[in-house]
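The values are calculated or read from the model by the stated rules, or taken from the named source; none is laboratory data. Note that the structure is predicted; figures quoted are calculated from it, not measured. So basically every Cβ, Gly included, is an ideal-geometry build from the backbone, and we count neighbours across all protein chains shown. Heavy atoms of the whole protein, side chains included, go into the accessibility calculation; ligands, DNA and RNA do not. Shrake-Rupley method; radii C 1.70, N 1.55, O 1.52, S 1.80 Å.
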Amino acid sequence: MPRMLLTYDPAWADQFASIAAEIRGQTDADWVIEHIGSTAIPGMRAKPVIDLAIRIRDLEEFETHLPALEAAGWRRGGAVRTHPVMIREADGIRSAIAHFFVAGEWDAANQRILRDWLLAHPDDVERYSHAKCDAVAAAARGRSTYNAAKTPVIQEIVDRARIARGLPSVPVYDK
């Protein structure tokens, strides 16, 4: 079962800034690092896990910095198929997820598109928050996984956001 959804915490922005600074210091890379995911959306209920989008030049650059990230406590994530992911845990509890996007995919990354759309559309923040709560309940009853249960709402919102940017619809579920 997923961790409990919490009321938005303004401290999440500071946690993101601290994690981003640590990554820059650990890798000495000149990466663009952005706060994504529900903790980046004021008013959004969220699991207290900080998601980051990191723009890398190419996969070779990611591999070059991988040892430094691993030495700092990050480990490769396993489920996402579309881009490299690293996870940081504290006492066995996930605290941060870093998504690495190559420069050519940066502007079309669904995670960034969703974040930008939600920041500009409070009605969709409320709708997505409700979908997340329903997904927790569905997962608790064993009817679905948390991610699968919330995907239809995410897909619909991202489709509208992509159309607004002149981009085609693509599946948002990448596991």
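Things to note:
- Scanning the stretch 1-16 for residues that are under 16 Å from PRO122 (Cα atoms) and part of a helix (DSSP H, G or I) yields a total of 0.
- So ALA79, is it of a type in the set (A, V, I, L, M, F, W, C), at pLDDT below 95, within 22 Å of VAL172 (Cα to Cα) and loosely packed, with under 13 Cβ neighbours inside 10 Å: yes
- The residues on offer are VAL125, VAL85, and the sole one that is surrounded by 18 or more Cβ atoms within 10 Å (Cβ to Cβ) and free of Cβ contacts under 8 Å to residues at least 40 places away in the same chain is VAL85.
- Given (1) within 20 Å of GLY77 (Cβ to Cβ); (2) modelled with pLDDT under 95; (3) surrounded by 15 or more Cβ atoms within 10 Å (Cβ to Cβ), number of the condition ALA138 does not satisfy: (1)
- Restricting the stretch 88-105 to residues that are touching a residue at least 60 places away in the same chain (Cβ under 8 Å) and closer than 24 Å to PRO171 by Cα, the residue that is surrounded by the most Cβ atoms within 10 Å (Cβ to Cβ) is ALA96.
- Exactly one residue out of ALA17, ALA21 is free of Cβ contacts under 8 Å to residues at least 40 places away in the same chain, under 25 Å from SER129 (Cα atoms), open to solvent by 10 Å² or more (accessible area, probe 1.4 Å) and out of contact with any strand residue (DSSP E or B) (no Cβ under 7 Å at 6 or more places or on another chain), and it is ALA17.
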